[in-house]
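Worksheet: one structure, shown below.
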Amino acid sequence: MAESMKGLKRTHRCTEVSSANIGEQVTVMGWVQKRRNLGSLIFVDLRDRSGLLQIVFDENNVGKDGFEKAGTLRNEYVIAVEGKIAKRSAAINENLKTGDIEVIAFSLRILSESDTPPFPIEENSQTKDDLRLKYRYLDLRRPDLQRNLVLRSKVAFLMRNFMVKEGFLEIETPMLTKSTPEGARDYLVPSRVHPGSFYALPQSPQLFKQLLMCSGYDRYFQITKCFRDEDLRADRQPEFTQADMELSFVDVDDVIDVNERLLQYVFKEAISVDVKLPLPRMTWQEAMDRYGSDKPDTRFGMELRDVSETVKGCGFSVFTSALEQGGSVRGINVKGQVVMPRKKIDKLVEFAKGYGAKGLAYLGVNEDGTYKSSFAKFMTEEELKALVQSMQGEPGDLLLFAADRNKIVWEVLGALRIHLAKEAGLIDENQYNFLWVTDFPLLEWSDEENRYMAMHHPFTMPVEEDWERIDSDPGSVRAKAYDIVLNGTELGGGSVRIHQNDIQEKMLEVLGFTKERAWEQFGFLLGAFQYGVPPHAGLAYGLDRLVMHMVHAESIRDVIAFPKVKDASCLMSEAPNTVEEKQLEELGIQIRPKEETDA
Ligand code: ASP
């Protein structure tokens, strides 16, 4: 029978005691990790969020009833033990923080019993993900997840601490807001009071934080949930946490400065990693040209090289026709890999096709000066030599080429570069390579929409000297936008904002909004701009991703207490779910059967 806490008070967490407490009386509480009976002695490993502590029950100290009760303990029972700290009688356990001590119990209460858990509660559990997530409350008892969430809490605290010291105010912005058509798909919430109308859950506090700047709060930050109804990828969740900020009277360098110091502080205090400042910066163009990615992993080389000039007049039509169509030919040099078996090269070709390439051309430079190649027969000896030279190829190297539109070439080689480096073990997992990527294009052409879209968002300031080309060559206009990248992932991003109504209206026009629609959608921002708006800029971190990298977690789910799975459902609570007819009626909503919706 479950006993109560009456008259009991916990004195320590399990690992808050040490050999310094020998002889002291303590009251500890937690879960039974394991019980072992050794005749006249019963040993229990007691677990709480701090770790494990060994308890010893013997009849002399705990009494006959207490000893019998201890004999009934099973895994995951919740107990309270009063006892005395003693030096361990048996062998010391070096792996345990409390491995040299134990508690000699003189009283035991069973606070609650437990069914046999569906999987063992232990470090690095091999249990299948689905089962873990269904019983997330048990999964969360595992030490690795507990460590992750403890660190996450610490990171959030450190961020707040730093921001407050720097003069930022934490201000909450609405969760029920207005749907805006730019960006990802919104999660909608039906309004009961206004049938047929919907709120949207925020994709980010973007417009509100800009309005706070208009209202004079000058430095804002918030750690807040954001929602995007997108198809999930491994490192995405439908709801995620942003550490979000906005500053007034600043330009790019000011935002970068405060964020570099923030990162340095948080990495030092949370995981004792020294971050050297200033962090390196690279323009978007350079990042794409050298790494084929706007979030390059700079922990290893294997950089891309543009060989378009070299192959311009060659006899290999795959190369020349790509160039004729305005594309490029680029390659990477996989050092020493001419020995790669044909089968494996074929797999790389398939890999490249997965990223939209039509194929992948390879040129291996044999030690004897001959070539192993898919296309050497179409080129003269001189052309091949020149090509190897522009790739800084040496005997033993394997050169891989993609020829297509720039976008595809970058994507294919960028992905291939990471894939090969991982395979070859070229990446030092203990290195933290930060990088600012700056000067993103303002606009990105969308084939699907047949129009330009904002690359960051529609409120991003163009680079001043590029703005005059907004009509003649919109694709060439750069933005005052920046991303902070760590080891090949984007930790956060932001921009200087447009604070001039005329530029903002023009930007919305370029994005395909009529003046009326722009005002209908963003009127509250455009209106605010008419009453005195300070130049402002900001940035937001994906907090989940940041913590994920700090703890080297494999999945973003390992740093979120109650995550969702790929189809955006929660296996534990079974959300989303149907609701009662009455609730739908109140909302004026009728569910159409699936066939009708598809038709
Ligand atoms: N609101 C932006 C985002 O969610 C970040 C920013 O520009 O501050 O990506």
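Structural remarks
- C-alpha center-to-center spacing [the range 314-351, the range 458-499] in angstrom: 32
- Angle between the chain longest axis and helix 143-165 axis [Cα atoms, degrees, rounded to 10]: 70
- The chain: angle of helix 342-354 to the longest principal axis, Cα-based, in degrees nearest 10: 80
- Kirkwood radius for the chain, taken over all pairs of different Cα atoms as the inverse mean of 1/r, rounds to 28.7 Å.
- Lysines whose Cα lies under 17 Å from that of residue 353, excluding same-chain neighbours fewer than 8 positions away: 343, 344, 407
- Summary value for the range 303-460: 26 percent relative contact order, contacts being C-alpha pairs under 8 angstrom separated by 6+ residues.
- For the range 220-286, trypsin sites (Lys or Arg not before Pro) are listed when DSSP marks them as loop and at most 10 other Cβ atoms sit within 10 Å of their Cβ; the list is 233, 276.
- Residue among 104, 569, 550 farthest towards the positive dipole end of the chain, charges placed on Cβ: 104
- Selection from 369, 459, 403 lying farthest towards where the dipole of the range 361-474 points positive, charges on Cβ: 369
- A DSSP coil position with no more than 15 other Cβ atoms inside 10 Å describes the following trypsin sites (Lys or Arg not before Pro) in the range 377-473: 405.
- Across the chain, the mean sequence separation of Cα contacts (distance under 8 Å, 6 or more residues apart), normalised by length, yields a relative contact order of 12 percent.
- Straight-line cross-link partners of residue 165 among the lysines, defined as a Cα under 24 Å from its Cα and at least 8 positions apart when in the same chain: 154, 209, 225, 268, 276.
- Distance between the range 543-580 and the range 89-145 - C-alpha centres, whole angstrom: 23
- Farthest towards the positive end of the charge dipole of the range 449-599, among the residues 539, 528, 500, is the Cα of 539, using unit charges on the Cβ of Lys, Arg, Asp and Glu.
- For the range 176-270, the solvent-accessible area works out to 45 Å² per residue, with a probe of 1.4 Å and every protein chain left in place.
- Computed accessible area, residue 231, all protein chains, 1.4 angstrom probe, square angstrom: 130
- Amide proton proximity set for residue 460, modelled H, under 5 Å, gap of 5+: 498
- Residue-normalised accessible area of the range 49-140, given per residue in Å² at a 1.4 Å probe: 53
- Overall shape of the range 242-327 was characterised from the C-alpha gyration tensor. The equivalent ellipsoid obtained from it has semi-axes of 40, 17, 10 Å, in decreasing order.
- Overall, the chain carries a charge dipole of about 2040 debye about its Cα centre when +1 sits on the Cβ of Lys and Arg and -1 on the Cβ of Asp and Glu, all other atoms neutral.
- Carbon and sulfur %, accessible surface of the chain computed with the full protein complex present, 1.4 Å: 50
- Computed over the range 158-247, the P(r) curve from all C-alpha pair distances, binned at 10 Å from the origin, holds 16, 40, 31, 12, 1 percent per bin.
- Around the amide H of residue 185, modelled in the peptide plane, lie the amide H atoms of 229, all under 5 Å away and 5 or more residues distant in sequence or on another chain.
- Per-residue HN-Hα couplings for the range 27-43 [Karplus 6.51, -1.76, 1.60; θ = phi - 60°; Hz; x = Gly/Pro]: 10, 10, 9, x, 9, 6, 7, 6, 10, 10, 9, 10, x, 7, 10, 10, 9
- The phi-based Karplus calculation (6.51 cos²θ - 1.76 cosθ + 1.60; θ = phi - 60°) puts the 3J(HN,Hα) values of the range 476-488 at 8, 7, 8, 10, 7, 10, 8, 10, 9, 10, 10, 6, x Hz, whole numbers, x for Gly and Pro.
- The charge dipole of the range 293-418, taken about its Cα centre with unit charges on the Cβ atoms of Lys, Arg (+1), Asp and Glu (-1) only, comes to about 480 debye.
- Proximal aspartates and glutamates relative to residue 128, as straight alpha-carbon distance under 14 Å, when same-chain residues fewer than 8 apart are discounted: 139, 558
- Under the Karplus curve 6.51 cos²θ - 1.76 cosθ + 1.60, θ = phi - 60°, whole-Hz ³J(HN,Hα) for the range 282-295, x wherever Gly or Pro sits: 8, 6, 4, 4, 5, 4, 5, 5, 8, 10, x, 7, 8, 9
- Three principal axis extents describe the C-alpha atoms of the range 478-539; from largest down they are 43, 26, 19 Å.
- The C-alpha atoms of the chain define a longest principal axis, and helix 59-71 lies at about 60 degrees to it.
- Cβ charges +1 (Lys, Arg) and -1 (Asp, Glu), total dipole of the range 447-504, debye: 240
- Only Cα pairs under 8 Å and 6+ residues apart enter the sum, and on that basis the relative contact order of the range 1-157 stands at 23 percent.
- Scattering curve values for the range 38-158, log₁₀ I(q)/I(0), Debye with Cα scatterers, q = 0.09, 0.13 Å⁻¹: -0.31, -0.63
- For the range 387-483, applying the loop criterion from DSSP together with a ceiling of 10 other beta carbons within 10 Å to the GluC sites (Glu not before Pro) yields 429, 448, 449.
- Convex hull volume of the range 356-449 per residue (C-alpha atoms, cubic angstrom): 170
- The sum of -39500 (n - 2.57) across all DSSP H runs of n ≥ 4, divided by the residue count of the chain, sets its helix-only mean residue ellipticity at 222 nm to -9000 deg cm²/dmol.
- Whole-number D in µm²/s for the range 426-572 (Stokes-Einstein; Kirkwood sum over Cα pairs; 20 °C, 1.002 mPa s): 120
- Debye intensity ratio in log₁₀ form over the Cα atoms of the range 404-496, taken at each q of 0.20 Å⁻¹: -1.07
The values are calculated or read from the model by the stated rules, or taken from the named source; none is laboratory data. Note that the coordinates shown come from a computational prediction; the quantities given were computed from them, not determined experimentally. Ideal geometry is used to build each Cβ from the backbone, glycine not excepted, and the neighbour counts take in all protein chains shown. Side chains are part of the model used for accessible areas, which takes the heavy atoms of the whole protein and leaves out ligands, DNA and RNA. Shrake-Rupley method; radii C 1.70, N 1.55, O 1.52, S 1.80 Å.
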